[in-house]
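Enquirer: Mind looking over this structure? Questions follow.
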Ligand SMILES: Nc1nc2c(c(=O)[nH]1)N[C@H]1C(S)=C(S)[C@@H](COP(=O)(O)O)O[C@H]1N2
Ligand SMILES: [Mo]
């Protein structure tokens, strides 16, 4: 797997200087009560990655959930389909300053996953790993929310490869980099372990309503 270092550097810069992907300064004039500070509205759902999109055969795809849990699991695509399904519409905020409203997802809720694997009392943090080697981290308490989903469909259709299909994470209350595309592994741990962007200076908490982007 090859990370495109130029893409990484450019994205790091954008977050630091609060510019949109077009490079212009963030537009402050459009008002919408659903729009967090420093964000602007888009309707074309941009694609962001590390310059590399992993190829995952649906038949070979698995998701492993391990670490501090009573019942570790490895799900196939079929296993994901057999879990209870959640339909949810949420907003999506990227740290590079665009937001898209009313994204209709279908997926398995993280809270359902918790009932399957049952984290031990020591488990306080979650690390997400992806098929492009991307990682991101969150406190378990943040993931244990009714709008956090393992998403496999958008607008009623299978999630495209560009957006992280077969399965990606969606955590609506955090900036979108906290949602790993091409999900491969979820590990429960007692200690926090920073992910790809977090070690490169992005905020560990990533709260859009606090303009909590960098550092
Ligand atoms: N596996 C993986 N997940 C990822 C990323 C990535 O590079 N690799 N980029 C993150 C970032 S920075 C953002 S803003 C969102 C973008 O999701 P999108 O491309 O579907 O808009 O995915 C996040 N999840
Ligand atoms: Mo991002």
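The values are calculated or read from the model by the stated rules, or taken from the named source; none is laboratory data. Because the structure is predicted, anything quoted here is derived from the model rather than measured. Methodologically, a virtual Cβ is constructed for each residue, glycine included, from the backbone with ideal geometry; neighbour enumeration extends over all protein chains shown.
Enquirer: Here is a check on your reading of the model: is residue 51 at pLDDT below 95 and in contact with a helix residue (DSSP H, G or I) (Cβ under 7 Å, 6 or more places away or on another chain)? First the steps, then the outcome.
Expert: Details: at pLDDT below 95: yes; in contact with a helix residue (DSSP H, G or I) (Cβ under 7 Å, 6 or more places away or on another chain): yes.
Yes: the conditions hold for residue 51.
Enquirer: Do any strands (runs of 3 or more DSSP E) entirely within the stretch 37-149 hold 3 or more residues that are surrounded by 15 or more Cβ atoms within 10 Å (Cβ to Cβ), and if so, which?
Expert: On the way: elements: 62-67, 73-76, 86-93, 98-109, 125-130, 135-139.
So the answer is 62-67, 86-93, 98-109, 125-130, 135-139.
Enquirer: With respect to residue 171, is the statement that it is touching a helix residue (DSSP H, G or I) at 6+ places or on another chain (Cβ under 6 Å) and within 25 Å of residue 58 (Cβ to Cβ) true? Let's see the steps before the verdict.
Expert: Working: touching a helix residue (DSSP H, G or I) at 6+ places or on another chain (Cβ under 6 Å): yes; within 25 Å of residue 58 (Cβ to Cβ): yes.
It is true that residue 171 is touching a helix residue (DSSP H, G or I) at 6+ places or on another chain (Cβ under 6 Å) and within 25 Å of residue 58 (Cβ to Cβ).
Enquirer: Consider residue 212 carefully, then state whether it is more than 9 Å from ligand 1 (Cβ to nearest atom), assigned to a loop (DSSP other than H, G, I, E, B), at pLDDT 95 or above and under 21 Å from residue 116 (Cα atoms).
Expert: Details: more than 9 Å from ligand 1 (Cβ to nearest atom): yes; assigned to a loop (DSSP other than H, G, I, E, B): yes; at pLDDT 95 or above: yes; under 21 Å from residue 116 (Cα atoms): no.
Criteria not met by residue 212.
Enquirer: Quick one: what pairs do we get from the stretch 202-215, first residue in contact (Cβ under 8 Å) with a residue 60 or more places away in the chain, second surrounded by fewer than 20 Cβ atoms within 10 Å (Cβ to Cβ) and not in a loop (DSSP other than H, G, I, E, B), C-beta under 7 Å, 6+ apart or different chains?
Expert: Correct list of pairs: 202/214; 214/16.
Enquirer: For the stretch 171-215, which residues satisfy the criterion of being over 13 Å from the mean Cα position of the chain (by Cα), within 22 Å of residue 65 (Cβ to Cβ) and surrounded by 23 or more Cβ atoms within 10 Å (Cβ to Cβ)?
Expert: 188
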